[in-house]
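Engineer: One structure, pasted below without further comment.
The values are calculated or read from the model by the stated rules, or taken from the named source; none is laboratory data. Since the model is a prediction, treat every value here as computed from it, not as a measurement. FYI the Cβ positions are ideal-geometry reconstructions off the backbone, even for glycines, and counts take in every protein chain you see. Surface areas here come from the heavy atoms of the whole protein model, side chains and all, with no ligands, DNA or RNA. Shrake-Rupley method; radii C 1.70, N 1.55, O 1.52, S 1.80 Å.
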Amino acid sequence: MKRGLVLEGGAMRVLFSAGVMDVMMENGITFDGIIGVSAGAAFGCNYKSHQAGRALRYNVRFAHDWRFCSMRSWLTTGDLCGAEFAYRVLPKHLDIFDEEAFEADGTSFYVVATDIETGEPVYKMLDKCDFDFYEWIRASASMPLVSHVVEVEGRKMLDGGITDSVPLKYFESIGYERNIVVLTQHEGYKKKESRLGRLLRLTMRRYPKLAEAMDRRHIMYNSQREYIAESERKGNCLVIRPDQPLPIGRISHDPEMMKTVYDMGRRKAESMLDEIREFCNRNA
């Protein structure tokens, strides 16, 4: 029975998930496969490279560096999160991503992006840390309106959360029957219809399927949350979520708040550690 880890996105809210993952790594919890969306992919790759603490460390270190994430970056490069700095300079030179460990680890690692021409999710397994590896992760985390479209392997792509925010169903469809799902929104959360639909349709008018997907996003997301809740009641998945709304927005430049949210994830995972172990070992 294949065990999977499913990671929701949510930009800086995913520091909660980073805290959860670090506790699981430190306690030897392993998975056959991991799938991440947006920041869930960007932070989740550290699980396969065995780099506990890295996601928090570089976000704190570069919180005030305009090249990392800022309006200045958006105005000068077209990307709120600087593509060259965040996906080239940082992992290669400043807080080095352990590519050798990632490639040597046997865990399958998937990311989700959105094809803006079809308005459909694209799922990609990454096992080699080449140029396209970083481009797939960048595509998964590139939010509409504040990011350039990412072209990789002949596709034009943006944030995977547009079309598959929590890909539990997909992971189940490819054989992962026992999954831990890490959410970044509290129980009972309902996504509201986006107020940016008109602006998106104007700026991305060449891609009507993307606009349609954005219009449906809240419906898709709330339906996924219902499916996850039902799966949890049946014992088919184990959900780790915040007990309350996280005190951080999608974007933050406050290192103390980042650490607070990360610690919330750690405490949640520590409180559930016996349950996590039991769930992972059941019918192993």
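Engineer: Filter segment 238-256 down to residues that are in contact (Cβ under 8 Å) with a residue 24 or more places away in the chain and over 18 Å from the mean Cα position of the chain (by Cα), then give me how many there are.
Structural biologist: Going through segment 238-256, the residues in contact (Cβ under 8 Å) with a residue 24 or more places away in the chain turn out to be 238-246, 248-255.
Keeping just the survivors that are over 18 Å from the mean Cα position of the chain (by Cα) gives 243-244, 253-255.
Residues flagged as in contact (Cβ under 8 Å) with a residue 24 or more places away in the chain and over 18 Å from the mean Cα position of the chain (by Cα) within segment 238-256 amount to 5.
Engineer: Quickly run through segment 166-188 and pick out the residues that are in a loop (DSSP other than H, G, I, E, B) and under 18 Å from the mean Cα position of the chain (by Cα).
Structural biologist: Of all residues in segment 166-188, those in a loop (DSSP other than H, G, I, E, B) come to 166-167, 174-175, 183-188.
Selection gives VAL166, PRO167, LEU183, THR184, GLN185, HIS186.
Engineer: Also, I was wondering about something else. When you look at ALA52, is it within 26 Å of GLN185 (Cα to Cα), open to solvent by 30 Å² or more (accessible area, probe 1.4 Å) and either of a type outside the set (Asp, Glu) or in a loop (DSSP other than H, G, I, E, B) (or both), yes or no?
Structural biologist: Values: within 26 Å of GLN185 (Cα to Cα): yes; open to solvent by 30 Å² or more (accessible area, probe 1.4 Å): yes; either of a type outside the set (Asp, Glu) or in a loop (DSSP other than H, G, I, E, B) (or both): yes.
In short, yes.
Engineer: Filter segment 125-144 for residues that are assigned to a loop (DSSP other than H, G, I, E, B) and open to solvent by 30 Å² or more (accessible area, probe 1.4 Å); which is farthest from GLU172 (Cα to Cα)?
Structural biologist: Residues of segment 125-144 assigned to a loop (DSSP other than H, G, I, E, B): 127-130, 141-144.
The next check asks that each one be open to solvent by 30 Å² or more (accessible area, probe 1.4 Å); those that pass are 127-128, 130, 143.
On the way: ASP127: 20, LYS128: 24, ASP130: 28, MET143: 26 Å.
Of everything passing the filter in segment 125-144, ASP130 is farthest from GLU172 (Cα to Cα).
Engineer: Of the residues in segment 135-153, how many are under 14 Å from the mean Cα position of the chain (by Cα) and modelled with pLDDT of 95 or more? Show your work before the answer.
Structural biologist: Of all residues in segment 135-153, those under 14 Å from the mean Cα position of the chain (by Cα) come to 136-143.
Now drop any that are not modelled with pLDDT of 95 or more, which leaves 136-142.
The number of residues fulfilling the criteria is 7.
Engineer: So, in segment 95-124, exactly how many residues are open to solvent by 60 Å² or more (accessible area, probe 1.4 Å) and part of a helix (DSSP H, G or I)?
Structural biologist: Step one: filter segment 95-124 for residues open to solvent by 60 Å² or more (accessible area, probe 1.4 Å), giving 96, 98, 100, 103-104, 106, 117-118, 120, 123.
Subsequent filtering for residues that are part of a helix (DSSP H, G or I) retains 100, 103-104.
Of the residues in segment 95-124, 3 are open to solvent by 60 Å² or more (accessible area, probe 1.4 Å) and part of a helix (DSSP H, G or I).
Engineer: Looking at (1) in a loop (DSSP other than H, G, I, E, B); (2) surrounded by fewer than 22 Cβ atoms within 10 Å (Cβ to Cβ), which is the only condition PHE31 fails?
Structural biologist: Checking PHE31 against (1) in a loop (DSSP other than H, G, I, E, B); (2) surrounded by fewer than 22 Cβ atoms within 10 Å (Cβ to Cβ), the one that fails is (2).
Engineer: Something else about it: If I ask for residues that are within 16 Å of the chain's Cα centre (by Cα) and of a type outside the set (S, T, N, Q), which ones from segment 154-165 would you list? Give the steps one after another, and end with the answer.
Structural biologist: First, the residues of segment 154-165 that are within 16 Å of the chain's Cα centre (by Cα): 157-165.
MET157, LEU158, ASP159, GLY160, GLY161, ILE162, ASP164 - these are the residues of segment 154-165 that are within 16 Å of the chain's Cα centre (by Cα) and of a type outside the set (S, T, N, Q).
Engineer: Looking only at residues in segment 151-167 that are touching a residue at least 40 places away in the same chain (Cβ under 8 Å) and touching a helix residue (DSSP H, G or I) at 6+ places or on another chain (Cβ under 6 Å), which one is most open to solvent (accessible area, probe 1.4 Å)?
Structural biologist: Filtering segment 151-167 down to residues touching a residue at least 40 places away in the same chain (Cβ under 8 Å) leaves 155-167.
Right, trim to touching a helix residue (DSSP H, G or I) at 6+ places or on another chain (Cβ under 6 Å) and you get 157, 160, 162-163, 165-166.
Numbers: MET157: 0, GLY160: 0, ILE162: 3, THR163: 23, SER165: 5, VAL166: 5 Å².
Going through the qualifying residues, I end up with THR163.
Engineer: Check whether at least one residue in segment 174-189 is more than 22 Å from ARG250 (Cβ to Cβ), small (Gly, Ala, Ser) and touching a residue at least 40 places away in the same chain (Cβ under 8 Å), and report yes or no. Quick ask: steps written out before the conclusion?
Structural biologist: As a first pass, look at segment 174-189 and keep what is more than 22 Å from ARG250 (Cβ to Cβ): 174-180.
Adding the requirement that they be small (Gly, Ala, Ser) leaves 175.
So of that shortlist, the ones also touching a residue at least 40 places away in the same chain (Cβ under 8 Å) come out as 175.
Scanning segment 174-189 turns up at least one residue that is more than 22 Å from ARG250 (Cβ to Cβ), small (Gly, Ala, Ser) and touching a residue at least 40 places away in the same chain (Cβ under 8 Å).
Engineer: Looking only at segment 62-88, how many residues end up being in contact with a helix residue (DSSP H, G or I) (Cβ under 9 Å, 6 or more places away or on another chain), open to solvent by 20 Å² or more (accessible area, probe 1.4 Å) and assigned to a helix (DSSP H, G or I)?
Structural biologist: Residues flagged as in contact with a helix residue (DSSP H, G or I) (Cβ under 9 Å, 6 or more places away or on another chain), open to solvent by 20 Å² or more (accessible area, probe 1.4 Å) and assigned to a helix (DSSP H, G or I) within segment 62-88 amount to 5.
Engineer: Would you mind finding the one in GLY4, GLY40 that is part of a strand (DSSP E or B) and in contact with a helix residue (DSSP H, G or I) (Cβ under 6 Å, 6 or more places away or on another chain)?
Structural biologist: Values: GLY40 fails: part of a strand (DSSP E or B).
Exactly one of GLY4, GLY40 is part of a strand (DSSP E or B) and in contact with a helix residue (DSSP H, G or I) (Cβ under 6 Å, 6 or more places away or on another chain), namely GLY4.
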